[in-house]
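Here's the structure, in structure tokens; my notes come after.
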Amino acid sequence: MVMTKLSVVPASMPAHASDAAPVDAGSGSGPAAAFARGRRLPPNVALYVLASITISFLAASSAPTPLYATYQAEWGFDPITTTVVFGVYAVAVLLGLLTMGKLSDHVGRRPVLQAALAAQAASMLVFATADGVSGLMVARVVQGLSTGAALGAIGVGMMDIDRPRGTITNAVVPGIGTATGALVSGLVVQFLPAPTHLVYLGLLAVFVLQAVAVALMAETVTRKPGALASLAPEIKLPRAVRRPMLVAAPVLFAVWALAGLYGALGPSLVRQLTGSRSEVLGGLSLFVLAGVAAVSVLVLRRAATRTVMLTGILALLAGVALTLVSIRDSSPTGFFVGTAIAGVGFGSGFQGGIRTVMPLARPHESSGVLSLLFVVSYLGMGCPP
């Protein structure tokens with residue numbers, strides 16, 4: 001599971017000059033003129049396209065989860081190998097974020113997104129043709145790097161188009177993507193033939209369509225020099241955000257560690273508790289966790305930051321405690337109830353952590369601060385495996 005960039009700067013305060021006056025780098029004219037000529041997608045449609053890319057990338061990241069049992073049966077590897085394959089993805093996303101997270105500020109949003117979509121499509125082909133663990137590892141690395149590279153361009157691109165709506169969309173779509181990927185993959189495995197091929201070929205088709213849509217979008221930034229220099233990892237921690245970062249970091253680490261645990265071992269736990277070999281049930285645990293997280297973000301979007309943070313911490317503790325007790329007592333019902341409560345903690349803790357830190361970061365510091373929040377989150381995600 002993966003996060004997108006989130007801005008909490010008031011709508012009246014542009015993050016940079018291009019927010020106030022976006023420029024189509026490809027044509028040298030403003031997007032409004034391009035829209036009028038019918039050459040580019042309208043802003044509202046472009047926003048939905050960007051949101052759909054986040055959903056499809058996160059769905060692709062969780063799609064292998066219900067398939068791990070199939071791979072284990074076919075190739076005979078142990079559960080530890082499953083967790084390693086999952087952890088490799090988290091590390092690759094981290095590398096992508098740290099090295100390519102700011103590239104779109106220099107070369108434009110569209111080129112970065114088109115390259116990331118091409119890499120995602122390539123990773124789907126590797127998944128579909130994999131005949132062993134090494135194939136899965138290669139696919140996970142390519143998938144993770146392209147996801148990390150794209151997250152910045154997607155998140156900031158949505159803020160370029162519409163800051164208030166982009167903020168909410170950035171917060172909601174990761175949960176939607178992760179939830180739908182796990183469930184749809186489980187349904188395909190359960191009811192359709194050749195699941196280890198069909199899931200990935202379907203996602204490949206989605207990425208091709210999205211690449212066409214990105215080609216029709218208006219560019220929202222002016223290209224500027226320094227693309228190579230931007231590839232050097234840079235994490236900024238301004239003095240004003242150091243104390244709130246100490247508060248937010250443990251929460252972000254914990255909630256994403258939980259997501260990583262469900263992504264790697266959720267299906268195995270469900271099979272152990274229910275005795276069922278259903279792949280739909282295997283994907284249901286991650287679906288419940290991420291789906292409830294997305295709903296909680298929407299429900300609490302107007303609540304005070306302190307309230308959101310406390311809700312996240314308490315729900316996480318309660319949900320994990322109930323889940324552990326249910327595993328001990330072999331109670332599937334308790335497990336899913338605990339997962340739903342933990343999902344509230346996941347969504348609220350994520351939102352609360354971001355909202356605790358980001359309002360104190362000045363616009364020109366936001367990229368570096370968000371990069372650090374991402375690093376903390378994905379370190380947490382990669383640790384359980």
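The values are calculated or read from the model by the stated rules, or taken from the named source; none is laboratory data. These figures come from a predicted structure and were not determined experimentally. Don't worry about glycine lacking a Cβ; one is built from the backbone with ideal geometry, like all the others, and counts go over all protein chains shown. Calculation scope for accessible area: heavy atoms of the full protein, side chains included, ligands and nucleic acids excluded. Shrake-Rupley method; radii C 1.70, N 1.55, O 1.52, S 1.80 Å.
Relative contact order (percent) for region 289-385, with alpha-carbon contacts under 8 angstrom and 6 or more residues of separation?
It rounds to 34 percent for region 289-385.
If amide hydrogens are placed 1.01 Å from N in the peptide plane, which non-local residues have theirs closer than 5 Å to the one on residue 221?
Placed amide hydrogens put 23, 25, 109 under 5 Å from residue 221.
For a test of the definition: using alpha carbon positions, the gyration tensor, and the 1.5 limit on a/c, classify the chain as rounded, prolate or oblate.
Note, shape of the chain comes out oblate.
State the answer as a single residue: which of 349, 298, 286 lies farthest towards the positive end of the charge dipole of region 284-385, with beta carbon charges of +1 for Lys and Arg and -1 for Asp and Glu, about the Cα centre.
298
To the nearest 20 debye, what charge dipole does the chain have about its Cα centre, counting +1 at the Cβ of each Lys and Arg and -1 at the Cβ of each Asp and Glu?
Using Cβ point charges on Lys, Arg, Asp and Glu, the chain gives about 1020 debye.
Determine the per residue accessible area of region 105-156 with all protein chains present and a 1.4 angstrom probe, expressed in square angstrom.
28 Å²
Measure off 7 Å from each Cα along the Cα-to-Cβ vector at residue 277 and residue 44, then give the distance between these two points in nanometres to one decimal.
Result: 5.0 nm between the two label points.
Which one of 206, 69, 187 is farthest out on the positive end of the charge dipole of the chain, using unit charges on Cβ (Lys, Arg +1; Asp, Glu -1) and the Cα centre as origin?
206
What are the ³J(HN,Hα) couplings of region 277-294, residue after residue, when phi is run through the Karplus curve with 6.51, -1.76, 1.60 and θ = phi - 60°? Round to Hz, x for glycine and proline.
9, 5, 6, 5, 4, x, x, 5, 5, 5, 4, 5, 4, 6, x, 5, 4, 5
Take the alpha carbon atoms of region 142-205, find their center, do the same for region 264-341, and report the distance between the two centers in whole angstrom.
Comparing the Cα centres of region 142-205 and region 264-341, I get a distance of 20 Å.
Considering only protein heavy atoms, what per residue accessible area in square angstrom results for region 191-313 with a 1.4 angstrom probe?
50 Å²
Starting from 0.36 nm per residue, how many nanometres of slack lie between residue 246 and residue 318 once their C-alpha separation is accounted for?
23.7 nm
Please compute the net charge surrounding residue 107, taking Lys and Arg as +1 and Asp and Glu as -1 over other residues with Cβ under 13 Å from its Cβ.
Taking every other residue near residue 107 into account, the sum is +3.
Using the Karplus curve 6.51 cos²θ - 1.76 cosθ + 1.60 with θ = phi - 60°, what ³J(HN,Hα) values do you get for each residue of region 66-82, in whole Hz, with x for Gly and Pro?
x, 8, 4, 5, 5, 4, 4, 5, 6, 10, x, 9, 8, x, 4, 4, 4
When a/c is below 1.5 the answer is rounded, else prolate if a/b is larger than b/c, else oblate, so apply that to region 171-220 with a ≥ b ≥ c taken from the square roots of the Cα gyration tensor eigenvalues.
Oblate is the answer for region 171-220, as a/c is 1.5 or above yet b/c matches or exceeds a/b.
Between residue 190 and residue 239, how many nm apart are label points set 7 Å from Cα along the C-beta direction?
5.7 nm
Just the number, please: carbon plus sulfur as a percent of the accessible area of region 142-276, 1.4 Å probe, no ligands or DNA/RNA counted.
C and S atoms contribute 73 percent here.
Can you compute the FRET efficiency between residue 215 and residue 73 using 1/(1 + (r/R0)^6), with r the Cβ-Cβ distance and R0 = 51 Å? Round to the nearest 0.05.
The computed FRET efficiency comes out at 0.80.
Would you work out the charge dipole size for region 271-385 about its Cα centre, treating the Cβ of every Lys and Arg as +1 and the Cβ of every Asp and Glu as -1, and quote it to the nearest 20 debye?
200 debye
Let me check against my output: what whole-number percent is the relative contact order of the chain, with C-alpha pairs under 8 Å and at least 6 apart?
Dividing the mean separation by the residue count of the chain yields 27 percent.
Assuming a ≥ b ≥ c are the square roots of the Cα gyration tensor eigenvalues, decide whether region 202-314 counts as rounded (a/c under 1.5), prolate (otherwise, with a/b larger than b/c) or oblate.
Verdict is oblate for region 202-314.
Quick check: Cα centre of region 210-258 to Cα centre of region 69-90, how many Å?
Measuring centre to centre over Cα atoms gives 30 Å.
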